[in-house]
Amino acid sequence: MSNIAEEINKRRTFAIISHPDAGKTTLTEKFLLYGGAINLAGSVKGKATARHAVSDWMEIEKERGISVTSSVLQFNYADCCINILDTPGHQDFSEDTYRTLMAADSAVMVIDASKGVEAQTRKLFKVCGMRGIPIFTFINKMDRDANDTFELLDEIEKELGIATCPVNWPIGSGKRFKGVYDRHEKHVLTYSDTQKGTKEGETTVISMEDEALLLESIGDEALSVLKDEIALLDGASAEFDLEAVRKGKLTPVFFGSALTNFGVEIFLQNFLKMATAPLPRSSQGELIDPVENAFSAFVFKIQANMNKAHRDRIAFMRICSGRFDAGAEVKHVQGGKVMRLSQPQQIMADERKILNEAYAGDIIGVFDPGIFSIGDTVCAPKDNICYEGIPTFAPEHFARVRQVDTMKRQQFIKGVNQIAQEGAIQIFQEFNTGMEEIIVGVVGVLQFDVLKYRLENEYNVEIKLEPLPYEHIRWIENRDEVDLEKLSGTSDMKKIQDLKGNPLLLFINQWSIGMTQERNKGLVLSEFGRG
């Protein structure tokens, strides 16, 4: 048991969230560089080198330079085993981000110093807040001209509703960026520029008491500004409180530049001290201890056709307790079956490594013959663990989908169903007409492009999308008490059903929802499906 406890206590599992282009992928690569997982960070946007980010693997991601799926990266650093869950930066994929955050113990929020809190950051942060997990902020791109530092902190507090506590403080920005001041140690760290893609950069530590060396290194003006800002900071900013950090009420803030490696390692070192090892999770009102309990995990993501050569489907599981052994029998709670998990592997972008064992905090991918759904629990055969399901976001955009070649109906139905099982889209059909008419609902319109792209490339099916004007969807909670044929709705209402036969109503206008409820006494509508 002590070996299991030791392994689990080493684990730190976190998700990285950011607005597109805030530098999340570059930061991830630098972490991997420090952990020795890669030797050279590829220039993500460098068309000349044509090297793509380690964490982006789907073709559409490479073409567009955005992450639309979440990948998992594991590396070791300073006696810790770190699992990074990379999330889509685009708000159209916030549902995927939410599922990924269910598997993480904390989140790292990357903010562009010259842009501050952007629209997508707000939405992703809200998703974070729903989980109440610790959030660590890395304000990136200090090597470019940045917004006023105090204003940046103010913006985080106002826009995101979380208190900030700067752990270090930048000295200048852009060409005048000299390094950072460590508030706890009361010393200045200056940097020499590193060569692109390497981690060897000279860091010089200078005590605040060594005035002569400080003047020589950062200059009179920068030192004078720094002293003023420190005095202001000490009087105005929130005290560091680890308990508040772990409750998601206070975010420690770090400044640096992922591209030039300024402040990345300091951030990583501090993060590992502040972040927790895997914590207990709730199953039917009971807390499941990561160390004391036998193996248990839940499925938070399903991905088909990750590798065209494999044509397979992978279920990603977050291990919540105990040790996973590759050959051991486990119980699939929702399926009611005892089985062995097939081809357990760790997936670093599109590279795979077969695993013999893994521990609470780790993410494993297993071959899915089509039996797993998002939110499913697997555990030791004797146990009766069932983790809380992952809620489904209500789609906000709808389209009718038809395949161009009617001879490819079978591939079309298979493709749409598989992509829906991954949680990327939700599919519905006209009420009482069967699968002839398929309506797709998505949280963000970009998901339509991904659907079209994937059906063409993975299933060889060309489709036509006809946008529908509906914006609001409601499930009928008390369907057994309602005669759907006689339901009196509004002119902008449409009756549909999901694949399990649950009836739903689509509306163009928000006010029509209330009117329909008024016209049908006792009708109970819900924004969430009951699965």
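Note on region 129-144: residues that are within 28 Å of T260 (Cα to Cα) and crowded, with 19+ Cβ neighbours inside 10 Å total 10.
In region 302-323, the residues that are more than 19 Å from E292 (Cα to Cα) and open to solvent by 10 Å² or more (accessible area, probe 1.4 Å) form Cβ pairs under 9 Å with partners that are modelled with pLDDT under 75 and of a type in the set (F, W, Y), at six or more places apart or across chains, as follows: M306/W57; N307/W57. Of note, Q343 satisfies the criterion of being assigned to a strand (DSSP E or B), in contact with a Gly (Cβ under 9 Å, 6 or more places away or on another chain), over 13 Å from V72 (Cα atoms) and modelled with pLDDT under 95. G197 fulfils the conditions (1) surrounded by fewer than 17 Cβ atoms within 10 Å (Cβ to Cβ); (2) at pLDDT below 85 except for a single criterion, (1).
Listed by position, the strands (runs of 3 or more DSSP E) inside region 431-531 whose residues that are touching a helix residue (DSSP H, G or I) at 6+ places or on another chain (Cβ under 9 Å) and more than 21 Å from V404 (Cβ to Cβ) number at least 2 are 472-476, 493-498, 503-507. Can you name the residue in region 448-469 that is in contact with a Phe, Trp or Tyr (Cβ under 9 Å, 6 or more places away or on another chain) and open to solvent by 10 Å² or more (accessible area, probe 1.4 Å) and is also nearest to E422 (Cα to Cα) among such residues? The extreme case among them is V450.
Yes or no, residue by residue, for (1) assigned to a loop (DSSP other than H, G, I, E, B); (2) open to solvent by less than 10 Å² (accessible area, probe 1.4 Å); (3) closer than 30 Å to P278 by Cβ:
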{"position": "V366", "(1), (2), (3)": "no, yes, yes"}
{"position": "F372", "(1), (2), (3)": "yes, yes, yes"}
{"position": "N384", "(1), (2), (3)": "yes, no, yes"}
{"position": "A394", "(1), (2), (3)": "yes, no, no"}
{"position": "V401", "(1), (2), (3)": "no, yes, no"}
{"position": "Q410", "(1), (2), (3)": "no, no, no"}
{"position": "G415", "(1), (2), (3)": "no, yes, no"}
{"position": "G423", "(1), (2), (3)": "yes, no, yes"}
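In this structure, is E485 open to solvent by 40 Å² or more (accessible area, probe 1.4 Å) and acidic (D, E)? Against the criterion (open to solvent by 40 Å² or more (accessible area, probe 1.4 Å) and acidic (D, E)), E485 qualifies.
Evaluate region 139-153: report whether one residue or more is more than 26 Å from T100 (Cα to Cα) and of a type in the set (F, W, Y). Yes, region 139-153 has at least one match. All conditions in (1) open to solvent by less than 70 Å² (accessible area, probe 1.4 Å); (2) over 11 Å from W475 (Cβ atoms); (3) of a type outside the set (D, E) hold for Q510, with the sole exception of (1).
Within region 111-144, how many residues are in contact with a His (Cβ under 9 Å, 6 or more places away or on another chain), hydrophobic (A, V, I, L, M, F, W, C) and either free of Cβ contacts under 8 Å to residues at least 24 places away in the same chain or farther than 16 Å from T251 by Cβ (or both)? Selection size over region 111-144: 1.
Residues in region 105-115 include none that are open to solvent by 20 Å² or more (accessible area, probe 1.4 Å) and part of a helix (DSSP H, G or I). Checked against (1) under 16 Å from A304 (Cβ atoms); (2) modelled with pLDDT of 95 or more, C320 passes all but condition (1). Taking the condition closer than 10 Å to S296 by Cα and open to solvent by 20 Å² or more (accessible area, probe 1.4 Å), does R352 pass? Here the answer is no, as R352 does not meet what is asked. Scanning region 331-345 for residues that are among the polar types (S, T, N, Q) and open to solvent by 60 Å² or more (accessible area, probe 1.4 Å) turns up Q334, Q343.
The values are calculated or read from the model by the stated rules, or taken from the named source; none is laboratory data. Because the structure is predicted, anything quoted here is derived from the model rather than measured. Backbone-built Cβ (ideal geometry, glycine too); neighbour counts: all protein chains shown. For accessibility, only protein heavy atoms count, side chains too; no ligands or nucleic acids. Shrake-Rupley method; radii C 1.70, N 1.55, O 1.52, S 1.80 Å.
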